[in-house]
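Here is the structure we will look at.
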Amino acid sequence: MSYDSSKNIHCIFQPFIKEEDDFIEKTSFAIIKCENCSSTFHNFQNIEGTSHQYNWVCEFCQSKNSIGTEAKLQDLNLPNSYTAELVSRSKTNSTHIREKRSIFVIDCLTNEIELETLKLVLNNPEALPEGKYALITIEPKGNVVINLSSGKTVPFSIEQSKIEKAVKNLDDEFFLKHITVGAAWFDSKITFTRKIKTLKPFAKKETARAKKRPKRATGLALFLASVLSPHKNCNTHIMSFLSGPCTIGPGKVASTDIKKPIRSHDQLDSGRDKYFIKTTTFYEEFNAYCLDNICFDFFISSLDQTGLLEWKSLLTSSMSITQFDSFNDEKFTESWRNYIKLRNEFALELASLKILSTSGIVFKNNLIADIKFQPTKTKNERINEMKWKFNKPLVLNPKNFVIPCEFEVHSGTLQTIQFQLHYYKDDQSYIKIVTIPFKLIQPWKNGFHIEIEIPFLLKKFAQQILLKTIYDTSTMSEYLAAEIDMYEKNLPTLSDRDLKLFYQLQRSTILLKRNTSPDEHILLAHYLYNSSTSNCLFTCNPLMIKFPNDKSIKGKTDLIPLDARFATDSHSLFVDGGVFIMVRYTEETDDTVKAKDMAMTIIKSVERYPKPRFIYTMVGKSQDRFFKSKLIPLTEEESVELGTQDLPFEKFTQHVHK
Ligand SMILES: [Zn+2]
C-alpha cells in the first residue's frame, strides 16, 4: 500500500503471492458473515458481551452480530491479529463443473527440423494438458485444415472469397454448415498424439534467397478455433504454435513479398503501414465476439515479428505468450513443461471479487476494470461495497495475479479494507478473504512507497498499451513527467533513492520505442500487466546480489538503485531484471557457480513463468550491455561511458526540481 501525491491510496492486492500460500488447502477457520452486509468477521477486538452472550460489531456497517456463548467463541479459532486470511471450501456453487479443452493451432509452414522438434515435445502424453483436444493446422496457399478425430480433414482456403467474407464478418454459422463440431474433438491422448505424429512440414529451410513469405492464414485459423470452442461448461485454451506472420486474409500483417519488411515503429508512427488499422480492428471485433471462457496462448518460434501488436486485444485473456528463436530452443521446451504444469496443477478460474471499505475510505478504481471486470453492483447506499464478476476468468499462474486498486481517503484515521475473492479450482469453489486494517500514516508523505508506486504506474501504462488502438508512447512519457512533478511538489521528502528509481521508470523500455520492435513492446506490456509487483519493479531497476554474499539469500534483499559504478564491479553478480536473469563475472570462481545456481533455480521455477531470458556473461563482453543499459549514469561523462542515449541523472533532477 502506498500514498500517492494527491490523497489517494494505491494498493496492489496479490492474493496468491505468499510462499506458504497454498490456495487450495482447507482451513479450519470458520467464515462468519455479517447479518447486515457481506463482510466477514476477522477481529477479536470487535467482540463485546458477557460469557453468556457475545456479539461482534461489524466495522463496515456497525451492526451487531451474535456469536453465541464462550464455547462458540473458542470454536472460531481465529488468530488474534489484525489480518486474517481465510480460505475455505464454500458450499455454494458446488455444481460448477468446467470441462477442460485445448485447441492446438499448429503452423506447418515451417521447416522439417522445427516441426519435428515440436512434434517430439507434443508427442509425450504427459506433456499434454488434461481434457479434450482439437487440432487445426495452418497449411500452404492460405489453407487451414481442421483435423477430425476420425482421421478425416476439413480444409478451408482463405483464397475463396466467401470464406474470407465469413471470417471478416465473424460468421460462425457459415462454418458450422461444413463441420460437425463434435467430430473435431479427440477424447484420448493416444489418438491425439498419433495424429500429431503425422503432421508434415511445408517449408524448406529458409534461405536468404527466398523471395516470398508463405501464404499464412493465421486469422482464419484462430477464427476456426473459436468456432470449435464449446459454448457452455468448458474452459478452452487456444494454443497457437506459430512460425511467422499472417500474410493473407483477415489478420494480415505483412506482405508475401519478403523484400517488404513487417512494420516498424517509424511506419506505425507516421501511419504508413497499410495493414495496421484494418487488422487491429478485426482482432478487436473478434475478441469481443469470443466467449469469456476462451483463452489465447501463443508459442512463437521466430526471430522476426509476427504481429503481436495487431492481435493484442486477444492477449488480454492470455497469460502465456512466449517467443523464442526456434522450437529447438531450450526456452521452448522448458516453457512448455512449465506451462503444462501450471495448467494441470496451478491454474484457477476466477468468479467474483468484492471490496468492502470502512466509511472514511472510498474505492476509486482498479486498473484492470476495462479488461477483466464487470461491476455487478454499484455502491451500496449505506456501506462501501463493490462487487465485480470477472469477464476473462482464467488465471494460469496465480502467483502473478494482482489487482491494483486506488482508494480515495475521506476522513478518519483507523480504516479497514476487506477483499473477498471467489474462485474455482478443480471444480471446487473457494473464497479468499483478506482484511487489512490500517492506521492512516501522518504526515501523509510518510506513507509513500516507491516499491508500490512504480509497479502501479507500470501496470497503468501496460494497460493503456494493451487497450488502446492508438499507437503512441509519447503521451505516456508526458503523463509520467507530470506525475513525477506532482510527487516532487507534494512529497518534498522524495529521497535520492526514490528519485533514482523514478529516473529508472522514466527510461523504462515500456515508455521508449528505441531498441525494441513493436512486437517486443507489446510482449513487455503483457509481461508487466501479468507480473507480481517485484518482477515489475525489477524490469526498471534490477535486483542485484553480490557474491560472496553477506546477506542471507533467502532474506529480503533491498533494492538498490544501480549506479554507474557497478559497471566495473569485479564480483560475481546475480542480477534479476524481471524479463531476464543474469550472472556476470570477471573470472569464473566458486562464487560464480553459486550465482549461477541461484539463477537456474529461479529460471526453472514454475512461478517465474513466462520464463526469463538467461544471460551468462563476462564483464565487458557483448551481453554485458543488458546490465549496463540498466545502470544509472549520474553525469554526462557516465552517460558517454555507458554508451546510453538517456539524459544523465543530474539533468533529470534539475528538470524535476524546476
Ligand atoms: Zn456489516
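Points to keep in mind about this one:
- Measuring nothing but how far apart in sequence close Cα pairs (under 8 Å, 6+ apart) lie, relative to its length, the chain scores a relative contact order of 14 percent.
- If both residues of a DSSP beta bridge must be in the chain, then about 70% of such bridges are antiparallel.
- Within the shell of other residues whose beta carbon sits under 15 angstrom from the beta carbon of ASP171, the net charge comes to 0, with Lys and Arg scored +1 and Asp and Glu -1.
- Gyration tensor verdict on segment 449-540 (Cα atoms; rounded if a/c is under 1.5, prolate if a/b is larger than b/c, oblate otherwise): prolate
- Pairs of Lys residues in segment 449-540 that lie 8 or more places apart, or on two chains, and have C-alpha atoms under 17 angstrom apart add up to 4.
- Per-residue packing, averaged as other Cβ atoms within 10 Å, sorts the ranges 137-145, 522-530 into the order 522-530, 137-145, beginning with the highest.
- When a 1.4 Å probe is rolled over the protein heavy atoms, the share of accessible surface on segment 449-540 that falls to carbon and sulfur comes to 55 percent.
- Only helical runs count toward this figure. For the chain, summing -39,500 (n - 2.57) over DSSP H runs of n ≥ 4 and dividing by all residues gives -8500 deg cm²/dmol at 222 nm.
- Average accessible surface area per residue within the chain, 1.4 Å rolling probe, Å²: 44 Å²
- Length added when fully stretched, GLN442-SER622, from 0.36 nm per residue minus Cα-Cα: 59.9 nm
- Between segment 116-145 and segment 217-231, the Cα center-to-center distance that results, in Å: 14 Å
- Förster-model FRET efficiency, 56 Å R0, ILE190 and SER534, C-beta, rounded to 0.05: 0.85
- Antiparallel bridge percentage (DSSP; both residues within segment 504-658; nearest 5): 55 percent
- Highest to lowest packing among 512-518, 165-171, scored as the average C-beta count within 10 Å: 165-171, 512-518
- Partner lysines whose Cα lies under 18 Å from the Cα of LYS177, excluding those fewer than 8 positions away in the same chain, are identified as LYS152, LYS162, LYS165, LYS168.
- A simple spin-label model places the labels of THR475 and LYS18 4.1 nm from each other, with each point 7 Å out along Cα-to-Cβ.
- Along the axis of the charge dipole computed for the chain (Cβ charges of +1 for Lys and Arg, -1 for Asp and Glu, origin at the Cα centre), the listed residues ILE433, THR322, PRO15 are led at the positive end by THR322.
- Extension gain (nm, one decimal) between LYS489 and HIS410, 0.36 nm per residue minus Cα-Cα: 26.3 nm
- Of all beta bridges that DSSP places with both ends in segment 99-346, some 30 percent have antiparallel geometry.
- Positive dipole terminus of the chain, leading residue within ILE361, TYR339, SER605 (C-beta point charges): TYR339
- Cβ-placed point charges (K, R +1; D, E -1), dipole of segment 542-647 about Cα centre in debye, nearest 20: 620 debye
- Computing FRET efficiency as 1/(1 + (r/R0)^6) for THR198 and ASN55, where r is the C-beta to C-beta distance and R0 is 56 Å, gives about 0.20.
- ILE522 sits among other residues whose Cβ lies under 10 Å from its own Cβ, and their net charge, with Lys and Arg +1 and Asp and Glu -1, is -2.
- Estimated dipole of the chain in Debye, rounded to 20 [Cβ of Lys and Arg +1, of Asp and Glu -1, Cα centre]: 2060 debye
- HIS178-LYS364 pseudo-label distance in nm [points 7 Å out on the Cα-to-Cβ vector]: 5.2 nm
- FRET efficiency for the LYS33 to ASP558 pair, using the beta carbon distance and R₀ = 35 Å, is estimated at 0.30.
- Here the peptides 249-259, 390-400 are ranked by packing, the mean other Cβ count within 10 Å, and the order with the highest first is 390-400, 249-259.
- The magnitude of the dipole of segment 279-342, with charges of +1 and -1 set on the Cβ of Lys/Arg and Asp/Glu and taken from the Cα centre, is near 200 debye.
- Charge context of ALA221, other residues only, Cβ under 11 angstrom, K/R +1, D/E -1: -1
- For ASN549 and TYR289, the difference between the fully extended length at 0.36 nm per residue and the C-alpha to C-alpha distance is 88.3 nm.
- Rough spin-label spacing in nm, given labels placed 7 Å along Cα→Cβ, for LEU647 and ASN391: 3.7 nm
The values are calculated or read from the model by the stated rules, or taken from the named source; none is laboratory data. Since the structure is predicted, the reported quantities are computational estimates derived from the model, not experimental observations. Please note: Cβ atoms are built from the backbone with ideal geometry, for glycine as well, and neighbour counts cover all protein chains shown. These accessible areas exclude ligands, DNA and RNA; they are computed on the full protein's heavy atoms, side chains included. Shrake-Rupley method; radii C 1.70, N 1.55, O 1.52, S 1.80 Å.
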